[in-house]
1. Of all the residues that make up the stretch 43-69, how many are of a type outside the set (A, V, I, L, M), in a loop (DSSP other than H, G, I, E, B) and under 20 Å from Glu102 (Cβ atoms)?
2. Within the stretch 74-103, work out how many residues are in contact (Cβ under 8 Å) with a residue 40 or more places away in the chain and either part of a strand (DSSP E or B) or in contact with a Pro (Cβ under 9 Å, 6 or more places away or on another chain) (or both).
3. May I ask you to list the residues in the stretch 13-42 that are among the charged types (D, E, K, R) and within 15 Å of Ile103 (Cβ to Cβ)?
4. Tell me, which residue of the stretch 173-189 that is in a helix (DSSP H, G or I) and without any contact (Cβ under 8 Å) to a residue 60 or more places away in the chain is surrounded by the most Cβ atoms within 10 Å (Cβ to Cβ)?
5. Go through the stretch 71-122 and give me each residue that's of a type in the set (Phe, Trp, Tyr) and buried (at least 21 other Cβ atoms within 10 Å of the Cβ).
6. Select from the stretch 58-70 the residues that are buried (at least 16 other Cβ atoms within 10 Å of the Cβ) and out of contact with any helix residue (DSSP H, G or I) (no Cβ under 8 Å at 6 or more places or on another chain) and write down the one among them that is farthest from His146 (Cα to Cα).
Amino acid sequence: MEKEGLLIIMSGPSGVGKGTIRRQVMRDASLNLVYSISMTTRKKRKNEKDGLDYFFISDEQFDLLVANNDFLEWAEFVGHRYGTPKKYVDDLRKQGKNVLLEIEVEGTKQVLKKCRGSNVLSIYLIPPSFADLENRIRHRSTEPEHIMQKRLKKAQREMQLKHHYEHVVLNDNPQRAGKEIRTIIKNKINATLIK
């Protein structure tokens, strides 16, 4: 029987570079990682692919999944909802895969309430400064100003909650931050193998 895989949570404010670092970390085959693709009711951005970046679903589909308690976590932001399919994650972990979740702070709180123990790892990415984060969000320029302002206010609140995570990683350089996260994951894998 396979040893249950890790549940690895990676969070950080909007625009901090979670996607860039996730893609870099996922290239390390020695970590046996599988990315848990979230479901969302928001519209697809220009460079995103359905089934790769997110599963883009309707509000009605999302309502049904919530009613059936089929999410490990879910949250709403600026009129759109995001959720992690529970059965998908559980099945991958039972196969011995280490499942990486890239989720918001509120989602992390929900997951940590449901999933405790030595097989859970939480990592929070922070920007070098709030001004740097604002520049990143504005540079994406995929949303109107009032949405950007909401993202910035939310980021300020979320950054106050970084102490809820086991590890806080500075994203001053994506390659360096990715290397640090790979080391954190390897150390956790080794610690669980000893038990």
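1. First, pick out the residues of the stretch 43-69 that are of a type outside the set (A, V, I, L, M): 43-51, 53-56, 58-63, 68-69.
Applying the additional criterion that residues be in a loop (DSSP other than H, G, I, E, B) yields 43-49, 51, 53, 58, 68-69.
Applying the additional criterion that residues be under 20 Å from Glu102 (Cβ atoms) yields 43-49, 51, 53.
Number of matching residues: 9.
2. Just the residues of the stretch 74-103 that are in contact (Cβ under 8 Å) with a residue 40 or more places away in the chain, to begin with: 77-78, 80-85, 88-89, 92-103.
With either part of a strand (DSSP E or B) or in contact with a Pro (Cβ under 9 Å, 6 or more places away or on another chain) (or both) added as a condition, the list becomes 77, 80-85, 98-102.
Qualifying residue count, the stretch 74-103: 12.
3. Taking the stretch 13-42 first, the residues among the charged types (D, E, K, R) are 18, 22-23, 27-28, 42.
Within the stretch 13-42, Lys18, Arg22, Arg42 meet the criteria.
4. If we filter the stretch 173-189 for residues that are in a helix (DSSP H, G or I), which is where we start, we get 174-189.
Among the residues that remain, those that are also without any contact (Cβ under 8 Å) to a residue 60 or more places away in the chain are: 176, 179-180, 183, 187.
Details: Arg176: 12, Lys179: 15, Glu180: 18, Thr183: 10, Asn187: 12.
This residue is Glu180.
5. Initial filter on the stretch 71-122 (of a type in the set (Phe, Trp, Tyr)): 71, 74, 77, 82, 88.
The answer is Phe71, Trp74, Tyr82.
6. Looking only at the stretch 58-70, we keep the residues that are buried (at least 16 other Cβ atoms within 10 Å of the Cβ), and these are 62, 65, 70.
If we keep only those that are out of contact with any helix residue (DSSP H, G or I) (no Cβ under 8 Å at 6 or more places or on another chain) as well, we get 62, 65.
Details: Phe62: 25, Leu65: 29 Å.
Filtering first and then ranking leaves Leu65.
Values in this text are rule-based calculations from the coordinates and carry no lab data. All of these numbers come straight from a predicted model, not from anything done at the bench. Ideal geometry is used to build each Cβ from the backbone, glycine not excepted, and the neighbour counts take in all protein chains shown.
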